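Step one of this worksheet: look at the structure below.
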Amino acid sequence: MNKWLIAAGLLAGLLAPLLSSVAHASAACKPGTKLSEEGFVPIDGIEQWVTIHGADCANPVVLIVHGGPGNPSTPFAENVYGPWEKDFTLVQWDQRGSGKTFAQNPDTANRALTMALLARDGVDVASYATRRLGKRQVILLGGSWGSALAVNMLKLKPELFSAYQGSSQLVEYRSNQSATYERILELTRAAGDSKAVASLEALGAPPWENPRAFGIVRRITRRYEAKATQPAPDSWWQYPLQYETTAYQAAYTAGEDYSYMQFVGMRGDGMLSRIDLPALGTSFLMPVFIIQGKEDLLTMPAVTKAYFDRIQAPTKKYIVLDKVGHDPNPLMIDAQFKVLKTQIVPLIHD
């Protein structure tokens, strides 16, 4: 049997009793009510893991689209985003093929993931959140892979979203990959890093058919980003007790492996190869804020800025952060919160 099915099936048996009242929750909540809900919600034919946390359900709602794909942020949400809950109601979900959603639906390992399918899921999650919380719209926040998925969601049903905040914005496969390859090859040569140079030269310039190419390059870029960025605290990535089980760890890894292969494809023909945000159109009906790490070697600032310059939106702003790379760190998280609270919320309350 497929190893993804084995691991996911193991956890699915443990999770089945956890089906909660989230899917049957009331249509709205009373101002002043604290929310702490976790459970499976029927989304496009399968049960997907959704969490809702906040100090007051009257607060603006932020839907966080996790990266990866296959790297749900729900296990680490309290560590990373916990302080936000005073001012925002945070909605997150484990995307199809990820985390508890993958574990609950192990047969999805036999199906292809597509951006269109995941975007429909995301729109359905946003629609559920508006009904549950009595809101007309939600703020959408996406980073890395989640930023490309988020823009597809915006284009699919823009009326659901009051504003968009992207970070480490993925734009277009060829532009992003080419810029990354050229820059990291330049850095490794300048550093006399012969092993890394040899690995990169062996791959050659993108596009790549080798499914391992993306991972090889990403490991090198992470190492070089670490030289110029503030690290994220180890405490961020500590699992809460409910996630710190052998079954969950196995299912998480299985989902990550499955989603990664869907992302890169066996011959470089996965979801990544089809990402082309400019082709979706560069006009947006909502404010757009993009926060970019200056040291990001995976979604290079020059590519992100070129895309941003083409965007037409009621309000738009591009913010560059020193000592920030592709992955989140305290400087990035603090900037995201500050932009939400001081710039986006005043706009959507006008």
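Derivation of every value follows stated rules applied to the coordinates shown; laboratory data play no part. Quick caveat, the model's predicted, so the values are computed rather than measured. Note that each Cβ is placed from the backbone with ideal geometry, even for glycine, and that neighbours are counted across all protein chains shown.
Under a crude label model (7 Å from the Cα following the beta-carbon direction), how far is Lys316 from Ile46 in nanometres?
About 3.4 nm, to one decimal.
To the nearest 20 Debye, how big is the dipole of the chain about its Cα centre, given +1 on the beta carbon of each Lys and Arg and -1 on that of each Asp and Glu? Present the calculation step by step, with values, prior to reporting the outcome.
Numbers: 34 positive and 33 negative charges, 96 e Å.
Taking the Cα centre of the chain as origin, the dipole is about 460 debye.
If amide H atoms are built 1.01 Å from N in the plane of the peptide, which residues on other chains or at least 5 residues away come under 5 Å of the amide H of Val138?
Under 5 Å from the amide H of Val138 lie the amide H atoms of Phe161, Ser162, each far enough along the sequence or on another chain.
Run the paramagnetic zone check for Lys34: 7 angstrom along Cα to Cβ, then residues of the range 49-80 with backbone nitrogen under 12 Å.
54-57, by backbone N distance to the label point.
Under 20 °C and 1.002 mPa s, how fast does the chain diffuse according to Stokes-Einstein, given a Kirkwood radius computed over C-alpha pairs? Answer in µm²/s, whole number.
For the chosen part, D equals 104 µm²/s.
Work through the residues other than Arg219 whose Cβ is under 12 Å from its Cβ and net out their charges, Lys, Arg +1 and Asp, Glu -1.
Charge balance near Arg219 sits at +4.
I want to make sure I understand the PRE zone here: with the label point 7 angstrom from the Cα of Glu182 toward its beta carbon, which residues in the range 289-319 have backbone N atoms less than 16 Å away?
From the range 289-319, the list is 297-307.
Once R0 is set to 56 Å, what does the formula 1/(1 + (r/R0)^6) return for the Cβ-Cβ distance between His349 and Glu209, expressed as a FRET efficiency to the nearest 0.05?
Given R0 = 56 Å and the Cβ-Cβ separation, E is 0.70.
For a test of the definition: using alpha carbon positions, the gyration tensor, and the 1.5 limit on a/c, classify the range 43-166 as rounded, prolate or oblate.
Working: a/c = 1.64, a/b = 1.36, b/c = 1.21.
Judged from the Cα gyration tensor, the range 43-166 comes out prolate (a/c at least 1.5, a/b above b/c).
Ranked from highest to lowest mean number of other Cβ atoms within 10 Å per residue, what is the order of the peptides 253-266, 165-178?
165-178, 253-266
Just grab the label-to-label distance for Lys323 and Arg136, each label 7 Å out from Cα along the Cβ direction, in nm (one decimal).
Result for the modelled spin labels: 4.2 nm.
Using a cut-off of 10 Å between beta-carbons, work out the net charge of the residues near Ile275 (Lys and Arg +1, Asp and Glu -1, Ile275 not included). Mind dumping the intermediate values first?
Numbers: positive: Arg174, Arg274; negative: Glu172, Asp276.
Net local charge, Ile275 excluded: 0.
Would you tally the net charge around Lys34, using a Cβ to Cβ cut-off of less than 11 Å, leaving Lys34 out, and scoring K and R as +1, D and E as -1?
Around Lys34, the surrounding residues sum to -1.
Pairs Lys100/Lys305; Lys30/Lys86; Lys34/Lys155; Lys86/Lys227; Lys195/Lys294: which are spaced more than 27 Å apart, C-alpha to C-alpha?
Exceeds cut-off: Lys100/Lys305; Lys34/Lys155; Lys86/Lys227.
How far apart, in nm, are the 7 Å Cα→Cβ label points at Ala116 and Ser283?
With each label point 7 Å from Cα toward Cβ, the separation is 2.3 nm.
Please report the antiparallel percentage of DSSP beta bridges with both residues in the chain, rounded to the nearest 5.
Here the share of antiparallel DSSP bridges comes out near 35 percent.
Mind ranking 290-296, 208-214 by how tightly packed they are, going by the mean number of other C-beta atoms within 10 angstrom, highest first? Could you put the intermediate results ahead of the total?
Working: 290-296: 22.7, 208-214: 16.9.
Put in order of decreasing packing, that is 290-296, 208-214.
Can you give the convex hull volume per residue for the Cα atoms of the range 296-341, as a whole number of Å³? Spell out each step's value before the answer.
Numbers: hull volume 3.4 nm³, N = 46.
Spelled out: Cα convex hull of the range 296-341, divided by residues, is 74 Å³.
For the range 212-318, take the alpha-carbon Rg, divide it by the Kirkwood Rh, and send me Rg/Rh. It would help to have the intermediate numbers written out before the result.
On the way: Rg = 17.8 Å, Rh = 17.2 Å.
Reported Rg/Rh (Cα atoms, Kirkwood Rh): 1.03.
What FRET efficiency comes out for Gln230 versus Ala191 if R0 is 25 angstrom and r is the Cβ-Cβ distance? Round to the nearest 0.05.
0.75
How large is the convex hull of the C-alpha atoms of the range 166-258 per residue, in Å³? Walk me through the numbers on the way to the answer.
Working: hull volume 14.0 nm³, N = 93.
Hull volume normalised by residue count: 150 Å³.
Between Lys157 and Met261, what length in nm is gained on full extension when 0.36 nm per residue of separation is reduced by their alpha carbon distance? Numbers along the way, then the final one.
Details: separation 104, 0.36 × 104 = 37.44 nm, distance 2.78 nm.
Value of the extension gain: 34.7 nm.
Along the charge dipole of the chain, pointing to its positive end and built from +1/-1 on Cβ of Lys, Arg, Asp and Glu, which listed residue (Met153, Val217, Tyr307) has its Cα farthest out?
Tyr307
Hey, what number do you get for the chain at 222 nm if only DSSP H runs of n ≥ 4 count, each worth -39500 (n - 2.57), divided across all residues, to the nearest 500?
Per the formula, -12500 deg cm²/dmol.
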